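The values are calculated or read from the model by the stated rules, or taken from the named source; none is laboratory data. Bear in mind that the values here come from a model prediction, so they are computed numbers and not experimental data. Positions of Cβ are backbone-derived with ideal geometry, glycine not excepted, and every protein chain shown enters the neighbour counts.
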Amino acid sequence: MSGNDDVKSMKCAACGGDITKSYRIVDEDEEIPIARCVSCGTEYDQYTGEYYRYFADDFTYDKDNSILKLGLKGVLDGIEYEIIGRIRMQDEDEYERSTWDEWLAVSSDGVYHYFVEEDGEIRSYEEYVPQSINLEASDSHIEFEGKKISKDEAYIGRIVYFEGELTWLPEIGEAVTCYDFKKDGYKFTIEQSENEVSITRGDKLTYREIIDAFGDDEDRKLYENTMKKRREFRNKALVYLAGALLALAFSIYSCSTSEEIKGVMAGKKAIADNKIITDKRSVNYFSQILYGPFEISGGESLYDVDVFIDERVQRLYLEWQSFRFMLIKEDRLSRIINNNYDAELLKGLFTEIDARKEPIESYVITGDFWDEKGVDSDGPWHESDLNASASFVLKEDGKYYAYLELYSNKPRKIDSVKFRVQKVKSYRYMIAVTVLLLILVVINRGKSSLYNELPFEIADE
C-alpha cells in the first residue's frame, strides 16, 4: 500500500477545477510555494491537507535513501525484527523539506516497534502505556504521569508518504500533533491525530548498531570507511587547533615584547615653522622638521609607527592638521645634499621631493588629525581623531632620519606632533596564521561530521 498515487490529478475542493503550482509572497520578498486552483483561485498552503497531496513528490524524492527497507529482518539486543511499514512526516511550520521517517517493525514475539530516522540519527521506540495522561488538562498544558508539558512545545507533522502494513489507515496531508520530551532518562513521543493517539518511549541508536542488524557486508565496509575518514578529519582539526593556540600564544607574547627604537625624536632640526600659505579662499600653515639620525637594527623586520597629537603641548580643538612622515636612510640623504644640512637646502629638497625620479625615502605614511563638534537628531556631539599608526617591513638596518611635514588651518606648535617607532615581533603574521589554522579547524571539523560514503545521511556519532 502506498499513499502517493495520482496526487497530481487531484481537483480543487471548492470548485472541482485543476490545481497548479504557484507562489505566495511573505515578509515582503520571500516566495513560498503553494497550490492554487486555476478556476476559482483557492489557495492551498502548508496548513492544508491538499498542499501535501499536491507537493508529495517534493517531500519523498529521497525516500529510498535509507538503510531500512520494507521486508528487512535484523537482530537487535537478541530480538529479531522485521520492517513492515513506514510513515514519512513533514514539519508543518517549515517551507523547505523537513521530514522524518517512522519505520514500523514487528518483533519475533509479535510486539510492534518503531525506528525513527531524522537528520542522520535513528531512535528506537516501543509502545508505552502511561500510568496517567490528560491531553486536555488545561488550555496551556497537558499532563503525563504528573509532568506538565506546555502546549506551546507541540508541533504539527503532516503525513506525506506511507507504505507497507500499518496499525492505522493514514491519509496524505493528515495533521498529527506531536510532543517530544524527556522523562526518567528516556525520550517520549506523543502523536495525536484526529482518530488516533500513540505514545512511544525510546532511546538513540548508533548507525553501527542499525547496520550490524539490518545491513550487509557492503554497508559495513562503507560505514567503516566513513568513520575512519571522519576520525582523520577530527584528528586534523585537533592538530590545527593546537597550532592555532600556539600561534595565538606567541602573538600575545610578541605583543608584550615590542622594542621601541630609542632617540627617534632627538636631533630636531626645524626647516620651516608655521610658514603661512595663502590662496584665494584660505590661509594655512606649513611646517617641516627633520629628526635624527638614529639607529635601527634588524633589516627585514616588522615595525610599527605611531604619529599622534600630544595635547599636553597643545590641544587640538575645532581644527585639523595633516601630516606626512618619512624614514630616510642617512647615507642616502647625505649623498643627495652632499653632507650639507643647511635648512634652506633641506627645504628645497623636501619641497620638491615628489618631483624626483627616484624616491629617497624608505617608508612614508600620511594622515589627518581633526576635532569637530555639532548637533544632529541625537543632540550635541564632539568627535576627534588624534592618532595614526601603520606597520611596515624595513628592508635595511642602519642609521635613519625621520622627516615630518605638517599642514594645518591654524598655527600649531611643531612639538605637539610626536611619533614613535617600535620593532615588533611578527605577531601580525602569527595572528594571520592563527586565523588560517582556525579556518582549517572549522573545515576539518565540518568534514568530520559530513563526510559520508553511504547513500544515506549519518549524523556525527
Checklist (1) crowded, with 16+ Cβ neighbours inside 10 Å; (2) of a type outside the set (Ser, Thr, Tyr); (3) under 19 Å from residue 169 (Cα atoms); (4) modelled with pLDDT of 95 or more applied to residue 70, failing item: (1)
Answer from 269, 275, 280, 262 - the residue that is of a type in the set (Lys, Arg) and under 47 Å from the mean Cα position of the chain (by Cα): 262
Residue count, the stretch 313-350 (criterion: more than 45 Å from the chain's Cα centre (by Cα) and without any contact (Cβ under 8 Å) to a residue 12 or more places away in the chain): 9
Extreme residue, surrounded by the fewest Cβ atoms within 10 Å (Cβ to Cβ), among residues of the stretch 320-355 that are assigned to a strand (DSSP E or B) and not polar (S, T, N, Q): 320
Residue identified as in contact with a Pro (Cβ under 7 Å, 6 or more places away or on another chain) and within 21 Å of residue 294 (Cα to Cα) among 399, 423, 418, 395: 399
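Rundown of residues vs (1) aliphatic (A, V, I, L, M); (2) crowded, with 16+ Cβ neighbours inside 10 Å; (3) more than 34 Å from the chain's Cα centre (by Cα), yes/no style:
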residue	(1), (2), (3)
383	no, no, no
403	no, yes, yes
413	no, no, yes
420	no, no, yes
438	yes, yes, no
451	no, yes, no
Residue that is nearest to residue 16 (Cα to Cα) [pool: residues in the stretch 37-82 that are touching a residue at least 40 places away in the same chain (Cβ under 8 Å) and over 41 Å from the mean Cα position of the chain (by Cα)]: 72
Residue satisfying all of: in the stretch 422-436; of a type in the set (A, V, I, L, M) and more than 17 Å from the chain's Cα centre (by Cα); surrounded by the most Cβ atoms within 10 Å (Cβ to Cβ) among these: 430
